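Notes for the one structure printed next.
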Amino acid sequence: MSLLANQAQVYLYATNKLLLRNIDNQRTFTTTADKLFFLCELAWHMIESGELRIHYKDIPDRIQQHFGEKIKDAHELDHWDFDLRNQTLLRPDLSGYYEFSHKSLAEYFVAFKFAAELGCLSEPFLETYREEDAQQCELPYEKKTITELAKTVGVQPIAQGNLRPVREFMSLMVAEDGWDPMVETLLDLHDHNDYGYLASTIATMLSDTAKFPRDCDLCNLDLKGVQLKWSSISELRLNGVLSDDVQISHMVATARQQNRNVLELLTACCSARLDDSAAPSLLPATAEVAAA
């Protein structure tokens, strides 16, 4: 896939360049890893809460929450505050609020956070961000446990509401073999009870990209809020799954397909009449057995 065709990579290279620009101008002392972590966590707070801006007076509390072990005193906190407010990708307004220059930036960073925590980022997203010495940035995320994922990826259904753009970004960030750990996480949920929307988020992503393995066992998983494409679930095991909260796209055949089915049935009936053989039954196999 070309760079222009992969919107997530456009954001990747653009944000890396903007962060490095401040380093090249010696306008910052926090690392790229620090900035990346702060932007991802702030973006997630904004998207989750629906409040896409934060007042400058509230930023020190956020910094203390995420970097408390690195900050020795109030004076040092002031330096972190100035640096992360002014040398990242946030812009202030006249009322003292800070926000991303565009909502899509926040959505990109949330997708980056989610994909990193699921352990499925592709190589460009693992290797592009750089530090001041041009060395590869050590990403501030690692693969999370199911309990940890339930508090982030599992908080809201990715198929609905304000996470839909995040869903699109994520599908462009996952490595070709990155879907395997997602499947493993999904199957491991059979051994857990409280995981929020984690199962539905992973299942939706796998369905979007047709990455469901054959005969994947989704039986009795809590898939509330999931959105599945009919073409991707024909061989899945779904016992105990379907409910009013499960949306399956394209479940009803198109009129053309319905006409084709009718035509095939009429052809089979005519052939049976000519051959003097039994006409095909309209009943499903289980119903035929019951009728017999």
* Asked: Just for the range 110-152: of the residues that are among the basic types (Lys, Arg) and surrounded by fewer than 19 Cβ atoms within 10 Å (Cβ to Cβ), which one is farthest from LEU20 (Cα to Cα)?
  -> LYS151
* Structure fact -> Picking from GLN65, GLN87, the residue that is within 19 Å of ALA33 (Cβ to Cβ) and in contact with a Ser or Thr (Cβ under 6 Å, 6 or more places away or on another chain) would be GLN87
* Residues ARG62, ARG21, ARG53: which one is under 16 Å from SER101 (Cα atoms) and among the basic types (Lys, Arg)? -> ARG53
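Residues checked against (1) farther than 30 Å from LYS57 by Cβ; (2) over 16 Å from the mean Cα position of the chain (by Cα); (3) touching a residue at least 12 places away in the same chain (Cβ under 8 Å):
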| site | (1), (2), (3) |
| --- | --- |
| GLU117 | no, no, yes |
| CYS137 | no, yes, yes |
| PRO140 | no, yes, yes |
| GLY154 | yes, no, yes |
| ILE158 | yes, no, yes |
* For PHE82, state whether it is in a helix (DSSP H, G or I) and within 13 Å of LEU36 (Cβ to Cβ). => no
* Asked: In the range 182-216, what residues are on the phi > 0 side of the Ramachandran plot and at pLDDT 90 or above?
  -> GLY196
* Structure fact -> Of the listed residues (VAL183, VAL155), the one being surrounded by fewer than 21 Cβ atoms within 10 Å (Cβ to Cβ) and under 13 Å from ALA203 (Cβ atoms) is VAL183
* Give the residue, chosen from ASP217, ASP208, ASP194, that is surrounded by fewer than 14 Cβ atoms within 10 Å (Cβ to Cβ), free of Cβ contacts under 8 Å to residues at least 60 places away in the same chain and outside the structural domain of GLU123 (by TED's automatic domain parsing). => ASP194
* Quick one: how many residues across the range 53-89 are touching a residue at least 40 places away in the same chain (Cβ under 8 Å) and surrounded by 15 or more Cβ atoms within 10 Å (Cβ to Cβ)? -> 8
* Would you tally the residues in the range 153-181 being at pLDDT 90 or above, within 17 Å of VAL110 (Cα to Cα) and in a helix (DSSP H, G or I)? => 9
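The values are calculated or read from the model by the stated rules, or taken from the named source; none is laboratory data. These numbers were taken from a predicted model, which means no experiment stands behind them. Positions of Cβ are generated from backbone atoms using ideal geometry, with glycine treated the same way; all protein chains shown enter the neighbour counts.
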